[in-house]
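Okay, structure first, notes after.
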Amino acid sequence: MDGGTVHIPWLVAIETVSVPRSWVRRGELADERGAAALDDLTDLPAQRWPHEPLLGGV
């Protein structure tokens, strides 16, 4: 990254978690790696914003 701040809606976490969760359920990803991916997402240095203001653009 160029040192700027990453901005994401809070909903990104919910959407992103569904992918490794389904891989773990299907046995395509180890439980530990799925948990680590969740930790990585939680630790992501990003400015999180409520998603409600974005709903009008959908």
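We did not get these values from a lab; they are worked out from the coordinates using the rules stated. Please read all numbers here as calculations on a predicted model, not as lab measurements. Positions of Cβ are generated from backbone atoms using ideal geometry, with glycine treated the same way; all protein chains shown enter the neighbour counts.
One table, with the values for the structure above:
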| item | result |
| --- | --- |
| Nonlocal amide H pairs with H51, under 5 Å, H built at 1.01 Å | W10, L11 |
| Over the chain: helical MRE at 222 nm, DSSP H runs n ≥ 4 each giving -39500 (n - 2.57), nearest 500 | -15500 deg cm²/dmol |
| Computed FRET value (nearest 0.05) for R21 with Q47, which takes r as the C-beta separation and R₀ as 30 Å | 0.75 |
| Surface/4 of the Cα convex hull for the chain, nm² | 5.2 nm² |
